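*Asks:* Attaching a single structure in structure tokens format; questions to follow.
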Amino acid sequence: MRSSRVLLIVCLLGLAAPSATLAVDTTTSFEFTALGGEFSVGVGKHKVTFEGGVAQTVGILSLYRTGLHSWMLASGETGVVTFGTAAEQIELFIRDQAVSGAGEVRIYDTVGDLISTHHGTTTGFTQVSVTRNLMTQLPIGRIEFEHTGGSGFAVMDDFSYTAAVFPRLGNFLPSIQPGETHVALTPIASGLTAPNWGASPPGFPNYLYVSDQSGELWRINPDQSVDLTLDVGAQLVPLGAFGPGTFDERGFLGFAFHPNYATNGLIYTYMSQPATGAPDFSTIPMTRTPNHQAVIGEWRTMSVPPDANSVIDPTSFRELLRVDEPQFNHNAGAINFGPDGMLYIAFGDGGSRDDQDTETVFGHGNGNGQNRGNPLGSVLRIDPSGNNSANGNYGIPADNPFVGEAGVVEEIFAYGLRNPFRFSFDSANGDLWLADVGQGFVEEVDIVTSGGNYGWNAYEGSPFFVPDGNQPGFITNVNPGAPLDVVPPIAEYDHEDGIAIIGGFVYRGSRIPPLIGRYVFGEFASTFSNDGRLFYLDDTDTIVEFNLVGATGLGHSLLGMGQDGNGELYALVNDTGTPFGATGAVLRIDLRAGDATGDGAVTLSDLAALLASFGLSAGDPGFEPAADFNRDNMVDLSDLAALLAVYGT
């Protein structure tokens with residue numbers, strides 16, 4: 001549960017309970033006239049809104065505690081009080097004009113649970129004062145004031161409010177330590193721009209396709225030659241969010257092969273296009289313009305069925321889905337077919353910070369991550385061969401978790417995500433592993449299940465998250481009103497160790513035995529200076545860092561990961577951190593020649609592993625791929641020579 005991790009944070013930091021002496025942020029004696037059914041006092045985070053009833057004077061002095069006005073409800077009316085920031089303390093006074101007990105005040109916490117109930121009298125004003133201990137109690141989320149009697153007014157006067165102040169957390173997690181596995185990085189392609197995803201087509205396990213953010217889809221052949229199979233660069237929004245050559249999160253962001261690609265030649269893409277088409281979904285106000293549109297489309301190879309050298313027909317594009325994006329960032333962009341044959345699509349929250357509208361930010365409301373009424377901040381699940389969607393271009397599976405719920409996007413599989421970059425399915429058991437980029441504090445790894453809420457923007461990682469208006473939000477150990485039915489991350493790290501997680505794969509290859517079954521992923525660039533990192537989860541789901549043979553660090557920006565049809569993994573990097581230049585490269589994650597066990601030393605255990613497979617070829621019982629150091633699918637004298645050349649080091 002989320003709460004157990006928060007209690008741990010409290011213990012680790014030794015945070016004290018808040019003081020009982022609280023300064024008032026907003027107060028009113030209703031010395032004005034408001035007859036429209038809604039009015040507010042205070043501003044920004046300290047605004048208090050009153051809905052229902054009227055603020056007025058009626059010339060009856062007993063109905064005012066101070067001044068000559070009060071908030072009045074007629075018989076049968078209910079008023080509601082809400083806050084810009086949840087309340088730590090409130091005080092108010094109520095009185096009934098005709099029947100004692102007719103005026104009822106109900107105070108609720110931020111998850112809607114009733115805190116207390118209070119009633120007025122006809123003999124004088126009743127004081128209602130509630131203070132919450134934020135270390136053990138949820139703050140006040142709203143107040144209801146109801147006139148249950150048959151005549152006269154129920155009135156409220158002299159209202160005061162103190163906004164909850166939540167303790168701010170900084171870095172709180174242990175630093176990531178080196179793991180036990182040592183790997184080497186073998187370059188297999190270079191001269192790309194910004195490679196961000198790699199996969200093999202079904203039926204062609206030895207060919208790795210790689211998407212380039214600038215618009216190209218490359219095919220890396222078994223001989224490590226590279227061919228262009230598709231170029232969508234002309235369809236993309238112009239890249240460089242701050243001008244030519246600058247950082248950007250838009251572009252050609254993902255692709256997926258149809259499970260039956262070997263017979264139908266279908267491939268699917270995620271592109272950032274100019275906002276020129278009619279969107280299927282939008283959070284953009286009528287007076288605003290989206291930054292761009294996320295477009296999911298289908299393509300077909302020139303020859304069907306495809307062969308190993310097939311290219312994609314540039315005229316075959318069929319649009320499935322188009323979504324307005326408010327800002328340039330938080331696009332996610334991964335698309336993958338699950339083991340169920342459905343297409344899963346990751347959308348970020350739309351960009352900017354806090355996932356909330358401000359004076360300058362639009363398209364978020366109070367948070368796309370927690371709003372199932374639009375696709376942003378979610379993973380969608382669709383059937384590209386169906387047609388029961390609103391636009392008729394794809395199907396909505398009947399077993400999606402929110403099918404039939406009013407006001408909900410039925411395509412949503414899971415939600416509560418900020419910038420899920422990336423996700424993949426474990427080829428052994430079908431688990432969906434996802435990495436969600438945090439805002440200013442926590443990067444997280446999730447295992448995503450149907451209907452799951454992963455917390456953003458109520459949580460960042462395991463701590464609670466508090467949006468802060470025009471200032472960046474922060475994390476806290478005190479619940480400001482976050483939902484409790486959320487799925488906690490399986491692993492997380494804070495910004496002492498990096499700034500943007502890069503999702504990867506559960507290793508199911510055969511050439512690195514100590515990694516089998518481990519989730520492998522990384523960090524974009526710890527200080528935005530080509531200092532990416534490569535991680536994996538150990539057997540306790542603790543994040544540890546690879547030991548890189550012959551290097552003290554990755555030395556590049558990590559832009560993505562790839563997995564070929566044999567389950568082997570690749571790091572996709574460049575030296576600019578932007579979608580420009582020609583420094584992009586694909587690095588295969590290997591064991592060092594001679595180190596069959598991956599422990600960093602070439603010893604008798606490695607020689608034993610080689611001798612156990614000596615003379616065997618791939619497919620023979622007992623063949624150990626990790627001992628095939630030259631990757632020629634046999635363990636022979638050349639492998640023994642490679643081991644002996646480094647023995648003892």
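The values are calculated or read from the model by the stated rules, or taken from the named source; none is laboratory data. Small disclaimer: the values here were computed from a predicted structure and weren't measured. In this analysis, Cβ positions are derived from the backbone assuming ideal geometry, glycine residues included, and neighbour counts consider all displayed protein chains. Note: areas computed on protein heavy atoms with side chains; ligands, DNA, RNA excluded. Shrake-Rupley method; radii C 1.70, N 1.55, O 1.52, S 1.80 Å.
*Asks:* What residues have an amide H closer than 5 Å to that of residue 98, excluding those fewer than 5 places away on the same chain, when H is modeled at 1.01 Å from N in the peptide plane?
*Replies:* Under 5 Å from the amide H of residue 98: 153.
*Asks:* Please give the per residue volume of the convex hull enclosing the alpha carbon atoms of the range 269-367, rounded to a whole number of Å³. Spell out each step's value before the answer.
*Replies:* Details: hull volume 12.5 nm³, N = 99.
Taking only Cα atoms, the range 269-367 has a hull volume of 126 Å³ per residue.
*Asks:* Right, here's the next one. If I take every Cα pair under 8 Å that is 6 or more residues apart in the chain, average their sequence separation and divide by the length, what percent do I get for the relative contact order?
*Replies:* Details: 1858 pairs, mean separation 79.8, N = 649.
Answer for the chain is 12 percent.
*Asks:* Per residue, how many Å² of accessible area does the chain show with a 1.4 Å probe? Spell out each step's value before the answer.
*Replies:* On the way: 24350 Å² over 649 residues.
On a per-residue basis, 38 Å².
*Asks:* Between rounded, prolate and oblate, where does the range 75-209 land on the alpha carbon gyration tensor, with a ≥ b ≥ c its root eigenvalues, rounded for a/c under 1.5, else prolate if a/b exceeds b/c?
*Replies:* Values: a/c = 5.17, a/b = 3.06, b/c = 1.69.
Prolate shape, in that a/c is at least 1.5 and a/b is the bigger ratio.
*Asks:* If you don't mind, another one. Each residue of the range 199-204 in order: what ³J(HN,Hα) in whole Hz does its phi give by Karplus 6.51 cos²θ - 1.76 cosθ + 1.60, θ = phi - 60°, with x for Gly and Pro?
*Replies:* Taking θ as phi minus 60°, the curve returns 7, 9, x, x, x, 9 Hz for the range 199-204.
*Asks:* Rounded, prolate or oblate: which fits the range 214-309 when a ≥ b ≥ c are the square roots of the eigenvalues of the alpha-carbon gyration tensor, with rounded for a/c under 1.5 and prolate only if a/b beats b/c? All intermediate terms of the calculation are to be shown ahead of the outcome.
*Replies:* Working: a/c = 3.44, a/b = 1.66, b/c = 2.08.
Verdict is oblate for the range 214-309.
*Asks:* If each of residue 605 and residue 644 carries a label point 7 Å out from its Cα toward its Cβ, how far apart are those two points in nm?
*Replies:* The answer from the label model is 2.4 nm.
*Asks:* Follow-up. Taking only the Cα atoms of the range 368-485, how large is their convex hull per residue, in Å³? Mind dumping the intermediate values first?
*Replies:* Working: hull volume 15.4 nm³, N = 118.
Spelled out: Cα convex hull of the range 368-485, divided by residues, is 130 Å³.
*Asks:* Over the alpha-carbon set of the range 154-298, divide Rg by the Kirkwood Rh and report the Rg/Rh ratio to two decimals. It would help to have the intermediate numbers written out before the result.
*Replies:* Working: Rg = 23.4 Å, Rh = 19.7 Å.
Taking Rh as the inverse mean 1/r over Cα pairs, Rg/Rh reads 1.19.
*Asks:* Let me ask you something else. Just to confirm my numbers, what's the Cα centroid distance between the range 403-425 and the range 436-465 in Å?
*Replies:* 13
*Asks:* For the range 390-453, how big is the tail of P(r) above 16 Å, as a whole percent of Cα pairs? Please list the in-between numbers first.
*Replies:* Details: 1138 of 2016 pairs.
Result: 56 percent of Cα pairs exceed 16 Å.
*Asks:* Okay, next question. Determine the relative contact order of the range 128-279: mean sequence separation of Cα pairs under 8 Å and six or more apart, normalised by residue count, in whole percent. Could the numbers behind the result be given before it?
*Replies:* Details: 185 pairs, mean separation 20.9, N = 152.
Computed value for the range 128-279: 14 percent relative contact order.
*Asks:* Using the Karplus equation 6.51 cos²θ - 1.76 cosθ + 1.60 (θ = phi - 60°), what ³J(HN,Hα) coupling, rounded to whole Hz, does each residue of the range 584-589 give in order, writing x for Gly and Pro?
*Replies:* x, 8, 10, 10, 7, 8
*Asks:* Still on this structure: Using only DSSP helix segments of four residues or longer, with each worth -39500 (n - 2.57), what per-residue ellipticity at 222 nm results for the chain after dividing by its residue count and rounding to 500? If you can, show how the numbers build up before the last one.
*Replies:* Working: 4 runs with 35 residues, N = 649.
Computed ellipticity for the chain at 222 nm equals -1500 deg cm²/dmol.
*Asks:* Which far-off residues, 5 or more places away or on another chain, put their amide H under 5 Å from the one on residue 275, with H placed in the peptide plane?
*Replies:* 293
*Asks:* Summing +1 for each Lys or Arg and -1 for each Asp or Glu, what net charge is found among the other residues whose Cβ lies under 13 Å from the Cβ of residue 151? If you can, show how the numbers build up before the last one.
*Replies:* On the way: positive: none; negative: 77, 96.
My count for the surroundings of residue 151 gives -2.
*Asks:* How big is the accessible area of residue 38 in square angstrom, nearest 10, if you roll a 1.4 angstrom probe over the protein chains?
*Replies:* Its heavy atoms expose roughly 110 Å² to the probe.
*Asks:* If r is the Cβ-Cβ distance from residue 51 to residue 549 and R0 is 60 Å, what FRET efficiency results, to the nearest 0.05? Write down the numbers at each step before the final one.
*Replies:* Details: r = 65 Å, r/R0 = 1.09.
With R0 = 60 Å, the Cβ-Cβ based efficiency is 0.40.
*Asks:* Assuming a viscosity of 0.890 mPa s and a temperature of 25 °C, what translational diffusion coefficient in µm² per second does Stokes-Einstein assign to the range 225-267, Rh being the Kirkwood radius over Cα pairs? Don't skip to the end; give the middle numbers.
*Replies:* Values: Rh = 13.0 Å.
It diffuses with D of about 189 µm²/s by this estimate.
*Asks:* Here's something else I'd like to know. From the Cα gyration tensor of the chain, with a ≥ b ≥ c the square roots of its eigenvalues, which class applies: rounded if a/c is under 1.5, or else prolate if a/b is larger than b/c, or else oblate?
*Replies:* Numbers: a/c = 2.89, a/b = 2.02, b/c = 1.43.
In terms of gyration-tensor shape, prolate.
*Asks:* Can you work out the FRET efficiency for the pair residue 618 and residue 390, with r the C-beta to C-beta distance and R0 = 30 Å, to the nearest 0.05? Let's see the in-between values first.
*Replies:* On the way: r = 50 Å, r/R0 = 1.65.
So the FRET efficiency works out to roughly 0.05.
*Asks:* Roughly what would the spin-label model give for residue 180 and residue 630, points 7 Å off Cα along C-beta, in nm?
*Replies:* With each label point 7 Å from Cα toward Cβ, the separation is 3.2 nm.
*Asks:* When the Karplus curve 6.51 cos²θ - 1.76 cosθ + 1.60 is applied with θ = phi - 60°, which whole-Hz ³J(HN,Hα) does each residue of the range 471-479 get, with x for Gly and Pro?
*Replies:* 9, x, x, 9, 9, 8, 8, 10, 6
*Asks:* What's the extension gain from residue 449 to residue 510 if we count 0.36 nm per residue and subtract their Cα-Cα distance? Can you show the working numbers first?
*Replies:* Details: separation 61, 0.36 × 61 = 21.96 nm, distance 2.75 nm.
Fully extending the segment from residue 449 to residue 510 adds 19.2 nm.
*Asks:* Quantify, in whole percent, the carbon and sulfur part of the accessible surface of the range 499-649 (1.4 Å probe; protein heavy atoms only).
*Replies:* Values: 3180 of 5550 Å².
In the range 499-649, the share of accessible area belonging to carbon and sulfur is 57 percent.
*Asks:* With r as the distance between the Cβ atoms of residue 228 and residue 529 and R0 = 35 Å, compute the FRET efficiency 1/(1 + (r/R0)^6) and round to 0.05. Don't jump to the answer; show the numbers that get you there.
*Replies:* Numbers: r = 31 Å, r/R0 = 0.88.
Efficiency at R0 = 35 Å is approximately 0.70.
*Asks:* Considering amide H positions built from the backbone, and no H for Pro or chain starts, which residues 5 or more places from residue 576, or on another chain, come under 5 Å of its amide H?
*Replies:* 557
*Asks:* Keeping all protein chains in the complex and leaving out DNA, RNA and ligands, what accessible area do you get for residue 456 with a 1.4 Å probe, in Å² to the nearest 10?
*Replies:* Spelled out: residue 456, probe radius 1.4 Å, area about 10 Å².
*Asks:* Summing +1 for each Lys or Arg and -1 for each Asp or Glu, what net charge is found among the other residues whose Cβ lies under 11 Å from the Cβ of residue 55? Kindly include the intermediate steps, with their values, before the conclusion.
*Replies:* Working: positive: none; negative: 31, 38, 157.
Net of charged neighbours comes to -3.
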